[in-house]
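Undergrad: To start, I am sharing the structure in question, which I have written as structure tokens.
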Amino acid sequence: MTLQNLTRLHPIRWLSGVRISALLLLTLISSFSGADSLTEQQVESDSITDYMEAIDNSEGQFGAYATELSELYLGLGNALYAGEEYTEALDAFQKGMQIERVNYGLSSLSQSPYLFSIADTERYLGNWDKSQQALERVYTINSKNYGEVDVRMLGVLDKILAWYMDSYKDRRPKGGYANLVISERIAQRMYEILNKDMSLDDPEAPDRFRRLGYLQHVIAVHLKEHGEPSESGLSISMSGSSGRPSKATTSHLHFRRGKLALEKVIASVIQQPNSTETDQALAIAELGDWYLVFGQKAPATAAYQLALDVLETSEDPEQTREDLFGLPRMIEFSMTKSPPMAAGDQPTESQLELAMIISTYGVPNNIEVVNPPESLSKEALRDIRRDTRGKRFRPKLVNGLAEEAPYRMLYDQPIPKG
């Protein structure tokens with residue numbers, strides 16, 4: 001059972017004498033005994049039986065639309081989903097949602113968890129259009145309750161955006177592009193709300209603007225690698241348009257939108273009550289990274305110089321500059337950064353150590369594997385070098401200027417083919 005499935009499970013309720021004890025007991029046994037896959041399958045099977053019995057008992061006592069039933073159907077759907085019984089899970093989620101609609105109305109916010117689960121299940125069934133319809137329904141319900149540009153919409157927009165970005169990797173280029181078109185429309189709506197209602201000193205502001213900026217990099221990379229399909233076949237009601245992508249979807253457009261978002265990051269970091277010179281310098285340097293990745297070295301150099309200048313008022317300016325900018329660093333427009341390789345770090349069995357030279361433009365050259373294993377083929381080495389050349393690095397900075405410098409990094413070994 002995946003973490004995603006676990007986090008979606010709702011607490012099991014006590015229902016007028018209906019007690020789902022077998023599931024709880026098996027779950028406890030599994031957690032303490034390191035249960036194998038057989039035990040896990042048994043837990044899933046027993047939980048499905050327990051949920052079905054609880055549903056029968058509740059329907060017998062309170063009727064087919066008892067409020068308790070919706071959560072039981074959600075639990076049943078999650079158990080079926082965990083067991084990869086997607087068609088049956090979908091039926092359970094739809095029944096639970098129908099009960100919510102009967103009891104609380106067609107625009108009830110309580111439908112949202114069921115619709116997200118339906119979107120996930122349709123995704124695994126390969127029904128991408130139906131997933132999109134479920135998510136459009138989530139958006140419509142929330143916008144009817146809050147208004148399209150209300151700050152309370154940020155939470156649901158976050159979830160919808162996360163869904164499209166997470167499922168992007170599962171799609172072919174044309175389908176992935178469809179995900180990105182919708183994601184950008186969501187991001188534009190979020191940007192509008194943030195500018196209207198969120199103060200720059202809000203603790204959530206820096207990361208919210210960061211995520212919107214990083215999305216533009218994903219889109220630009222996709223367009224560079226795959227181009228823009230002539231027909232996307234998209235239609236999403238929140239866009240207020242026909243769904244056809246604009247011809248202005250160019251690398252420059254995404255560069256500009258990402259730059260604006262990262263400038264907002266800098267402004268919001270400065271406004272934070274506990275903001276330090278280091279926080280501000282790193283935010284400014286990230287804008288420099290953005291310029292560098294898009295081939296604009298002059299403004300990148302200016303941004304890096306400003307980041308170094310900000311550290312002038314720190315406790316130990318020279319040491320802080322050396323710690324932050326004395327070595328090249330991989331540029332990752334992701335909320336999860338890979339830690340740089342420390343002096344004593346050694347590769348694990350599944351990793352390789354790479355040595356290279358980072359140019360003043362942040363380009364890796366002379367890429368070599370340190371102590372390569374005998375099993376490393378020429379083809380695998382070629383793939384590693386190709387992949388690494390596609391990365392960009394913040395160069396070593398000395399007095400505000402980029403310098404060529406050696407760099408070492410850990411690289412996850414490719415999985416052998418076949």
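What follows draws every value from the coordinates through simple rules; no lab data is involved. Bear in mind the structure is a predicted one, so any value in this text is a computation, not a measurement. Because the Cβ atoms are built from the backbone with ideal geometry, glycine has one as well, and the counts that use them run over all protein chains shown.
Undergrad: Could you grab the pairs with beta carbons closer than 7 Å, sequence gap of 6+ or different chains, first residue in segment 159-183 and over 15 Å from Tyr214 (Cβ atoms), second one surrounded by fewer than 16 Cβ atoms within 10 Å (Cβ to Cβ) and among the aromatic types (Phe, Trp, Tyr)?
TA: none
Undergrad: Do you know which residues across segment 110-147 are farther than 23 Å from Leu90 by Cα and touching a helix residue (DSSP H, G or I) at 6+ places or on another chain (Cβ under 7 Å)?
TA: Of everything in segment 110-147, those that are farther than 23 Å from Leu90 by Cα and touching a helix residue (DSSP H, G or I) at 6+ places or on another chain (Cβ under 7 Å) turn out to be Ser143, Asn145, Tyr146.
Undergrad: In addition: Are any residues in segment 300-346 basic (Lys, Arg) and closer than 27 Å to Arg211 by Cβ, and if so, which ones?
TA: If the condition is that a residue be basic (Lys, Arg) and closer than 27 Å to Arg211 by Cβ, then Arg329, Lys337 are the ones that fit.
Undergrad: Moving to a separate point now. Find the strands (runs of 3 or more DSSP E) located wholly in segment 329-418 whose residues include 2 or more that are free of Cβ contacts under 8 Å to residues at least 12 places away in the same chain and exposed (fewer than 15 other Cβ atoms within 10 Å of the Cβ), and list them.
TA: In segment 329-418, 364-370 are the strands (runs of 3 or more DSSP E) which contain 2 or more residues that are free of Cβ contacts under 8 Å to residues at least 12 places away in the same chain and exposed (fewer than 15 other Cβ atoms within 10 Å of the Cβ).
Undergrad: Follow-up. Quick one: would you say Glu122 is of a type outside the set (Ser, Thr, Tyr), within 30 Å of Val181 (Cα to Cα) and in contact (Cβ under 8 Å) with a residue 60 or more places away in the chain?
TA: No: the conditions fail for Glu122.
Undergrad: Would you pick out the residues in segment 84-114 that are without any contact (Cβ under 8 Å) to a residue 24 or more places away in the chain and among the aliphatic types (A, V, I, L, M)?
TA: Ala92, Leu106 - these are the residues of segment 84-114 that are without any contact (Cβ under 8 Å) to a residue 24 or more places away in the chain and among the aliphatic types (A, V, I, L, M).
Undergrad: When only residues in segment 161-171 that are farther than 10 Å from Met190 by Cβ and either surrounded by 14 or more Cβ atoms within 10 Å (Cβ to Cβ) or of a type in the set (A, V, I, L, M, F, W, C) (or both) count, which is farthest from the chain's Cα centre (by Cα)?
TA: Here the answer is Arg171.
Undergrad: Here's something else I'd like to know. Suppose we keep only residues that are in contact with a Phe, Trp or Tyr (Cβ under 7 Å, 6 or more places away or on another chain) and not in a loop (DSSP other than H, G, I, E, B) within segment 129-155. Which one would you say is surrounded by the fewest Cβ atoms within 10 Å (Cβ to Cβ)?
TA: Restricting to residues being in contact with a Phe, Trp or Tyr (Cβ under 7 Å, 6 or more places away or on another chain) and not in a loop (DSSP other than H, G, I, E, B), the top hit is Met153.
Undergrad: Can you find a residue that is farther than 23 Å from Leu106 by Cα and touching a Ser or Thr at 6+ places or on another chain (Cβ under 8 Å) anywhere in segment 144-161?
TA: Within segment 144-161, one or more residues are farther than 23 Å from Leu106 by Cα and touching a Ser or Thr at 6+ places or on another chain (Cβ under 8 Å).
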